[in-house]
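The values are calculated or read from the model by the stated rules, or taken from the named source; none is laboratory data. Given the structure is predicted, the values throughout are model-derived calculations rather than measurements. Reconstructed Cβ throughout: ideal geometry from the backbone, glycine too, with neighbour counts over all protein chains shown. Protein only, heavy atoms only, side chains kept; ligands, DNA and RNA dropped before computing areas. Shrake-Rupley method; radii C 1.70, N 1.55, O 1.52, S 1.80 Å.
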Amino acid sequence: MTNRPRNKAPAPRILVAVADEVLARALADPLEDAGFAVTRLAGLAEVASATADLVVVDRAASPDGADAVLAASGCALPIVALAAADDARAPAGAGGQVTILRKPLRVQALVEGVRAGLAAGSGALHIGPCRLFASSRTLIGAGGETVRLTDKETQILTRLAAAIGRVVPRDILLAEVWGYGAAIATHTIETHVYRLRRKLAQAVAGGASLIRAEGGGYLLAAAP
């Protein structure tokens, strides 16, 4: 029997968004040696247009902290932020989004920190070709498009994703997302679903068709 080689999983894609060339090279080289696919960026502004699984930044790149700048811009990627030993600021962004590594930094600590950041970000829900980061209420399209959702839109999408391909009755959505009783008459859910479909369309071509109204409720299709 011929042993066929197993298909290898693609290497995690890491952005090193550090302007200082010496520091950027000191970060990128060991990460590449550890098997990551590394792309170096000149600064934080380029992160929004890049596709990756995690971004490494230096907090000192911004007075507010590079991780805070990215989180405020809607970045939903896991972030590994290098920080000075005396930097007491809490991680920015949603809970678990940012991993802080203290300088000076050893290679092993860098690699382990990136792996920990990837593990923290692996909880993203896959909505067709998109990824939903519920903690930051952010939808990432197949091409890296970032779409911000409201809290209710995120709850609706998360609930439909839990029953993907099956109808979730309208009264169940009302009860679980709004806490309303089934007898309450309202167009609130229709309005939210309408807006959510428009945002899905922003994230991916044909995205509006991911949510369908059927049998007195809504279902999330596996693909547009």
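Before moving on, here are some points about what is shown:
- Subset tally (residues that are open to solvent by less than 70 Å² (accessible area, probe 1.4 Å), assigned to a helix (DSSP H, G or I) and farther than 17 Å from Thr146 by Cβ) for segment 30-60: 3
- Close pairs (6 angstrom Cβ cut-off, 6 or more residues apart or separate chains): more than 22 Å from Leu125 (Cα to Cα) in segment 158-182, modelled with pLDDT of 80 or more and part of a helix (DSSP H, G or I) anywhere: Tyr180/Leu174; Ala182/Asp171
- No other residue among Asp29, Asp87 is touching a helix residue (DSSP H, G or I) at 6+ places or on another chain (Cβ under 7 Å) and of a type in the set (Asp, Glu) apart from Asp87.
- Residue match in segment 27-49 (condition: modelled with pLDDT of 95 or more and under 24 Å from Arg89 (Cα atoms)): yes
- Take the conditions (1) open to solvent by 50 Å² or more (accessible area, probe 1.4 Å); (2) farther than 16 Å from Val80 by Cα; (3) at pLDDT 90 or above; Lys199 misses just one of them, which is (1).
- When segment 186-224 is filtered for residues that are free of Cβ contacts under 8 Å to residues at least 40 places away in the same chain and β-branched (Val, Ile, Thr), the ones remaining, listed by number, are Thr186, Thr188, Ile189, Thr191, Val193.
- Residues being surrounded by 13 or more Cβ atoms within 10 Å (Cβ to Cβ), of a type in the set (A, V, I, L, M, F, W, C) and at pLDDT below 85 - total across segment 72-97: 5
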